[in-house]
1. Can you confirm whether V87 is under 26 Å from M34 (Cβ atoms), touching a helix residue (DSSP H, G or I) at 6+ places or on another chain (Cβ under 7 Å) and modelled with pLDDT of 80 or more?
2. Checking A241 against (1) under 25 Å from Y97 (Cα atoms); (2) under 24 Å from the mean Cα position of the chain (by Cα), which single condition isn't satisfied?
3. Among T231, T218, which is surrounded by 19 or more Cβ atoms within 10 Å (Cβ to Cβ) and of a type in the set (S, T, N, Q)?
4. Could you go through the range 14-24 and let me know if any residue there is at pLDDT 85 or above, more than 19 Å from E245 (Cβ to Cβ), of a type in the set (K, R) and within 21 Å of the chain's Cα centre (by Cα).
5. Output the number of the condition that N51 fails; it satisfies all remaining conditions of (1) buried (at least 19 other Cβ atoms within 10 Å of the Cβ); (2) free of Cβ contacts under 8 Å to residues at least 40 places away in the same chain.
6. If you check G223 against the conditions, is it assigned to a helix (DSSP H, G or I) and surrounded by 22 or more Cβ atoms within 10 Å (Cβ to Cβ)?
7. Quick check on this structure: which one of F156, F143, F118 is farther than 30 Å from T185 by Cβ, in contact with a helix residue (DSSP H, G or I) (Cβ under 7 Å, 6 or more places away or on another chain) and crowded, with 24+ Cβ neighbours inside 10 Å?
8. Go over the candidates R109, R114, R72 one by one and state the one that is under 19 Å from the mean Cα position of the chain (by Cα) and not acidic (D, E).
Amino acid sequence: MKKALYIFASFGIFAALLIFPKAAAEAVKAGLIMCAQMIIPSLFPFFIAANLLNELGASKLMSNALAPLGARLGISGHGVSAFIIGVTGGYPLGASYIAQLRAQGLIGRDDASRLIVFCNNSGPAFIVGAAGVGVFGSAPVGFFLYAVHILAALIFGVIICPKAPCDICYDEDIFSPVSLSAAFTASVKRAADSMIGVCSFVVAFSAINGVLDAMDITRSIAGELSYRLGTELSWCTALLAGILELGNGIGSMAGLAISPINLALAAFILSWGGLSVHFQTFSMIAGTDIKTARYMIGRFLTALIAAALALLGAAAIF
C-alpha cells in the first residue's frame, strides 16, 4: 500500500512539473541563489574544519577535555563536542560529525541515535544574519533567537530525552598518524560531497514550494489556518513554508513585526529545521546504524519548546 502511494505521489510531482514548469524553474533559481549567497559560504568552511578535526584525531582531544562536563549531563565527551560543533556550524554539520564519530567507533549506536536529535542545530550565521538582521532588521533579535535555539536543544537533550548514566571515559590514542596534507585533502573532498547533497535538497524543496505556490495549495491551506487560528495570512504562509524548507520559511517572514508571536514562529521554524534539513540529515547518516525512529518527534518537541521559550522571553524583553 505504501509503495503504491509513493508511486502515485511521484506521478503527481511529475505531472505538476509538466503543468507548472516556469514556477518550478524560478524556484530552482531561487534555491541556487540561496545556496550560493548563504548556505555554501556559511557551511562549507565549517564542514572542512569539522572533517579536519576528525581526520587529525582532534575530536578525541576535545572529547577528553569535555568528558567531565559530559558525565554530569549524561552525555559522552564526544557528545558535548558534537553539540558545540552543531550549534556553531549549523544544519546538518552536527549530523555529519556524529556520523563520522559513529563510523570510527568513537560512540555507540544508542548514544549516536540520541545525539542526532539535539546536536544537529542551526548556527549563528543563519540565525543572527538571516533571521535576526535579514527578517527583523535587528541583530539583538537574532542573538535572542540563537540563545532560545541553544536552550531548547539543551532542555530536550539533557532533561527530556532518555539517557543512561555516563562514566568519564578517555581516549588513549589521541592523535592520528595521517599527514596534514592528506587530512586536509580528504576533508575538502568530503566537505564538497556534503555540500552537493545539502544544496541538492535545498533546491529540490525550493522547487516543491514553488509548485505548491503555483497550484495555490499553500495559500489555500494558509488561508484556512489563518481563519481558524485568528492569525495573519503571512504568518501561516511562513509556517507552512518552514515545515518544508528552513530558508523559505524564515524568508517568508520578511515584513512581520517584532512581536512575541512572530518570534515564537521564527524559533519554531529554526528548531524544526524543515523536511529539507531532515532529509539532509538522513543522507549524512546513511550507511551507519544510527536509528532515526525518534528523530522527527524529537525535532518537533524541540521546536515546541523553542516556541514557548521565545514567546515567554520576547514578552518580557521586547
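The values are calculated or read from the model by the stated rules, or taken from the named source; none is laboratory data. Owing to the predicted nature of the structure, the values given are computational and were not obtained by experimental measurement. We place every Cβ from the backbone using ideal geometry, glycine too, and count neighbours over all the protein chains shown.
1. Against the criterion (under 26 Å from M34 (Cβ atoms), touching a helix residue (DSSP H, G or I) at 6+ places or on another chain (Cβ under 7 Å) and modelled with pLDDT of 80 or more), V87 qualifies.
2. Failing condition for A241: (1).
3. T218
4. Looking for residues that are at pLDDT 85 or above, more than 19 Å from E245 (Cβ to Cβ), of a type in the set (K, R) and within 21 Å of the chain's Cα centre (by Cα), one finds none in the range 14-24, hence no.
5. (2)
6. Details: assigned to a helix (DSSP H, G or I): yes; surrounded by 22 or more Cβ atoms within 10 Å (Cβ to Cβ): no.
When the stated conditions are applied, G223 does not pass them.
7. Matching residue, one of F156, F143, F118: F118.
8. Being under 19 Å from the mean Cα position of the chain (by Cα) and not acidic (D, E) holds for just one of R109, R114, R72, which is R114.
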